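Novice: Sharing a structure here in structure tokens format.
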Amino acid sequence: MSRDREPQCKQCRSAGMKLFLKGERCYIDDKCGLKRRSYPPGHLGRFSRREKSASEYAIQLREKQRARRMYGLSEAQFKLFYERASKKRGVTGEILFELLERRLDNVVYRLGFGASRRAARQLVRHRHVKVNGKLVDIPSFLVGANDVIEIKESSKKIPTIRDSADTAARRGRVPGWLETNPLELKGTVLDLPAADKMDITLEHHLIVEFYSR
């Protein structure tokens, strides 16, 4: 799979919103690239008038790109999730984000075990994470209600994991559909992430409109 090598702060500036790609730095204003330079990247970024002149297609594309970059997926991966959501009954956009939130790498991030989704994905790939007592090294694995996610015993001494979990618990960043125990580095999926329980500011209907063209 191709790696996204574009600077992370540049992606946030291009999106015009925080995508929380760099962990704790994103919560500190003087370290946030978007806070320091809120205009788009490029030598003409300061003079950009895209908000006033953007077409309907451009607005839909930008919202799709925001979501794709936030979850760290390639275009092919993101489209597969959309196609899967479109085959289910209900509001396609809400189902899409439910599936994205249920990804194991995202759940590890939401529980606070990884400072960012990229860091959480590395934890999964390097076999630090268990689901219901079994090692799972597939970031796209979808968790279900009542699943128990935990860091394996031999990895609980890793300082970055412990520090990240303590910070997330202290700042109250764990969503209501998850329950976490930062001391044991263990979490439980209380319920599937419903639309009213997901802390997401993206407009999913624009993504649906983009793929429905």
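Novice: Among (1) modelled with pLDDT under 95; (2) buried (at least 17 other Cβ atoms within 10 Å of the Cβ), which single condition is H128 missing?
Specialist: Exception for H128: condition (1).
Novice: Something else about it: Quick one: how many residues across the range 137-178 are surrounded by fewer than 16 Cβ atoms within 10 Å (Cβ to Cβ) and more than 18 Å from the chain's Cα centre (by Cα)?
Specialist: 13
Novice: Working only within the range 71-92, note down all residues that are in a helix (DSSP H, G or I), among the small types (G, A, S) and within 25 Å of R121 (Cα to Cα). Steps first, answer last, please.
Specialist: So in the range 71-92, the residues in a helix (DSSP H, G or I) come out as 75-86, 92.
Checking which are among the small types (G, A, S) leaves us with 76, 85-86.
Within the range 71-92, A76, A85 meet the criteria.
Novice: Shifting gears a bit: I'd like the residue in the range 78-93 that is out of contact with any helix residue (DSSP H, G or I) (no Cβ under 7 Å at 6 or more places or on another chain), at pLDDT 95 or above and not basic (K, R) and, out of all such residues, is surrounded by the fewest Cβ atoms within 10 Å (Cβ to Cβ).
Specialist: Only one residue fits best here, namely E83.
Novice: Taking the range 191-213 as the search range and keeping residues that are part of a loop (DSSP other than H, G, I, E, B) and aliphatic (A, V, I, L, M), which one is nearest to K79 (Cα to Cα)?
Specialist: In this case the residue turns out to be L202.
Novice: Under 7 Å between Cβ atoms, which residue pairs at least 6 apart in sequence (or on different chains) link something in the range 131-157 that is within 15 Å of T188 (Cα to Cα) with a partner that is surrounded by 11 or more Cβ atoms within 10 Å (Cβ to Cβ) and basic (K, R)?
Specialist: The qualifying pairs are L142/R102; L142/R103; V143/R102; V148/K186; E150/K130; E150/K186; K152/K130.
Novice: Closer than 19 Å to P175 by Cβ, modelled with pLDDT of 55 or more and not in a helix (DSSP H, G or I): which single residue out of A67, A115 fits that description?
Specialist: A115
Novice: Looking at the structure I just gave you, is L96 surrounded by 20 or more Cβ atoms within 10 Å (Cβ to Cβ), in contact (Cβ under 8 Å) with a residue 60 or more places away in the chain and in contact with a Gly (Cβ under 6 Å, 6 or more places away or on another chain)?
Specialist: Values: surrounded by 20 or more Cβ atoms within 10 Å (Cβ to Cβ): yes; in contact (Cβ under 8 Å) with a residue 60 or more places away in the chain: yes; in contact with a Gly (Cβ under 6 Å, 6 or more places away or on another chain): no.
In short, no.
Novice: Would you mention how many residues in the range 137-160 are among the aliphatic types (A, V, I, L, M) and out of contact with any strand residue (DSSP E or B) (no Cβ under 6 Å at 6 or more places or on another chain)?
Specialist: Adding up the residues that qualify gives 4.
The values are calculated or read from the model by the stated rules, or taken from the named source; none is laboratory data. On a predicted model such as this, the values are computed, not experimentally measured, just so you know. Neighbour counts are summed over all protein chains in view; Cβ atoms, including those assigned to glycine, are modelled from backbone coordinates with ideal geometry.
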